[in-house]
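Enquirer: After the C-alpha cells below, expect a handful of questions from me.
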Amino acid sequence: MERGIATSTKPENSSAENTENTEPTDKTGQPPSHFVVWLWIQARRIVIFVIGSTVVLIGIAMIVLPGPAFIVIPLGLAILATEFLWAKKWLAYAQDHLKNLATQIAKTSTLSPQPPAAKQSRRGTAPGYPRRQPVEEADADWSRPLPGYAPPEFTSPKVFQNAGVWADPADITQVTRKLLTRTPSGDIPVSLDPHGFPLNPLGRTGLRGRGLLGKWGRNQAGDPLVTRFDPVTGRLQVLVIERSDSGRLALPGGMVDEGEAITTTVSRELAEETGAHIRFEETQILFAGVVDDPRNTDHAWMETTVLHQHLTADQSQALALQAGDDAKSVHWMEINPTNLAALYASHADFVRLAVRKLQGHPQLKQTIPELIGVKLVSSRTERD
Ligand code: RP5
C-alpha cells in the first residue's frame with residue numbers, strides 16, 4: 001500500500017529513474033503525506049537542475065577560456081541526467097561531439113601550428129617577381145568565385161634551366177608524383193584547378209607560375225630552430241641568419257635534397273649556413289606544413305619541417321659560428337615582438353611555438369609579456 005501511495009504521487013512529467021527508491025520517511029518510519037513526498041521530489045529536482053546547469057555553464061565558458069570543456073560539460077549533463085531525460089540525450093550527443101570541437105579550437109588558437117595568415121605570400125616579392133595582382137584576405141579562398149582574377153604569370157629562367165635537376169618540367173602533365181600538402185593530420189592531396197595545376201593551400205597569391213620555386217605544388221624545406229639563454233643576460237635567444245637574397249633575418253633552413261631524411265637536411269643546412277654542428281635524430285617535430293614565404297605563387301609554395309633544440313650555455317658556446325652558403329651573417333637574436341616581427345616568412349610563428357614549449361623551464365626568467373617587449377641584444381658573427 002505504501003508503495004502504491006508513493007508511486008501515485010510521482011509527478012506525471014518526471015523522468016527520474018531512481019526517485020522510487022529514494023522516497024523519504026518521517027521520524028516514526030511512516031511514509032509522509034503526498035504533499036511532502038511531492039515537495040521533496042521537486043526540491044531534489046531543483047537542486048540537481050541548479051548544480052548541473054552551473055557545471056554545464058562553467059564547461060561552456062571553458063570552450064574559450066583555458067580548461068577541459070570536453071570533461072566539464074559532460075559532467076554537468078551527467079548530473080542533470082540523473083533527473084532529466086532531455087539531459088541524458090544531450091549527454092550522449094556531447095560525448096560524441098565535444099572532443100572534436102576541442103580539437104578544432106586547439107588547432108585555431110594563436111599558437112596554432114598552421115600559420116594564421118598569408119601576408120607574405122600575397123604581398124611579398126623576390127628577385128625578378130612582377131607585381132602581384134592585389135588579393136583581399138576575404139577573396140583568398142579558392143572556393144570563393146573571383147571573376148576578375150587574372151594574375152600575372154612568372155617562372156624564373158633559373159627554374160626552366162634546372163628542369164630535371166632540382167626543378168620540375170614546365171609541363172605539369174609530366175609530373176607523375178602525387179601533389180600533396182602537409183596538415184596536422186598528415187599529408188593530403190591538394191586541390192587542382194581545371195587545368196591540373198595544384199592550388200596553394202594558403203589561397204590566392206596574385207601570381208601564377210612557379211616564381212623562383214622549382215616544384216609544382218609544395219617545395220619541401222627543413223628548418224633548425226636553436227634556442228639558448230644568453231650566457232650574459234640570461235635572456236632567451238634564437239639562432240638566426242641574415243639571408244643574402246632579401247637581407248631578412250631567418251632561421252637557417254634550406255631545401256630538402258631528393259631522398260634526404262629531414263633530420264639530415266636540418267643538420268646540413270645549419271652547418272652550411274652557420275657553421276654549427278648539431279644532430280637532430282632524436283628531436284621531435286615542432287611544426288610541419290605550409291610556410292607563408294614571399295616566393296609563393298598560386299601553384300608553387302614552400303612547406304617546411306621545423307626541429308627545435310634548446311642548448312645549454314656550454315653547448316651554445318662550443319659552437320663555432322661562421323656564416324656561409326646563402327647566409328650573410330649569423331646571430332643569436334633575442335626573442336621579443338619587435339625582433340619576431342622582422343623575421344622572414346612564418347619563422348616568427350615557429351619561434352612562438354618554441355617559446356611555448358620552453359614555458360616552465362627553470363632558467364626562463366622572463367614572462368611571456370617580457371618576451372614580447374625587450375630590445376635586440378645580439379652577439380653577431382659576420383662572414384668575412
Ligand atoms: C622558408 O625558406 C623555409 O622555412 C626555409 O627557411 C627557407 C628555405 O629556402 P632557402 O633558404 O633554401 O631559399 O620558406
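None of the figures in this text is laboratory data; all of them are computed from the coordinates on show. Keep in mind that what you see is a predicted model, and the values were worked out from it rather than measured. Because the Cβ atoms are built from the backbone with ideal geometry, glycine has one as well, and the counts that use them run over all protein chains shown.
Enquirer: For ILE285 and TRP40, what is the calculated FRET efficiency with R₀ set at 56 Å and r taken between the beta-carbons, to the nearest 0.05?
Expert: 0.40
Enquirer: Quickly work out the ILE58-to-GLU370 label distance, labels modelled 7 Å from Cα along the C-beta direction, and quote it in nm with one decimal.
Expert: Modelled inter-label distance: 3.3 nm.
Enquirer: Further question: Ranked by Cβ crowding within 10 angstrom, fewest neighbours first, how are HIS195, HIS299, HIS361, HIS331 ordered?
Expert: So the ranking, lowest neighbour count to highest, is HIS195, HIS361, HIS331, HIS299.
Enquirer: If we count other beta carbons within 10 Å of each Cβ, what is the order of GLU258, GLU281, GLU303, GLU272, fewest first?
Expert: Ascending number of Cβ neighbours within 10 Å: GLU258, GLU281, GLU272, GLU303.
Enquirer: Here's another thing I want to ask about it. In nm, give the distance between the simple-model label positions of ASP171 and VAL50, each being 7 Å from the Cα along the Cα-to-Cβ direction.
Expert: Rounded to a tenth, the inter-label distance reads 7.9 nm.
Enquirer: Average the reciprocal distances over every distinct pair of alpha-carbons in segment 273-371, invert the result, and give the Kirkwood radius in Å.
Expert: 15.6 Å
Enquirer: Further question on the same structure: Would you please give the FRET efficiency between ALA150 and ASP326, computed as 1/(1 + (r/R0)^6) with r the Cβ-Cβ distance and R0 = 30 Å, to the nearest 0.05?
Expert: On the way: r = 33 Å, r/R0 = 1.12.
Using R0 = 30 Å, I get an efficiency of 0.35.
Enquirer: Kindly work out what percent of the DSSP beta bridges joining two residues of segment 193-319 are antiparallel, to the nearest 5.
Expert: Values: 12 of 23 bridges.
The answer is about 50 percent antiparallel.
Enquirer: Rounded, prolate or oblate: pick one for segment 208-267, where a ≥ b ≥ c are the square roots of the eigenvalues of its C-alpha gyration tensor, a/c under 1.5 means rounded, and failing that, prolate if a/b is larger than b/c, else oblate.
Expert: Oblate, because a/c is 1.5 or more while a/b does not exceed b/c.
Enquirer: Would you mind ranking ASP326, ASP292, ASP171 by Cβ crowding within 10 Å, fewest neighbours first?
Expert: Fewest-to-most Cβ neighbours within 10 Å comes out as ASP171, ASP326, ASP292.
Enquirer: Around ASN200, under 13 Å between beta carbons, what's the net of Lys plus Arg minus Asp minus Glu among the other residues?
Expert: Net charge around ASN200: +2.
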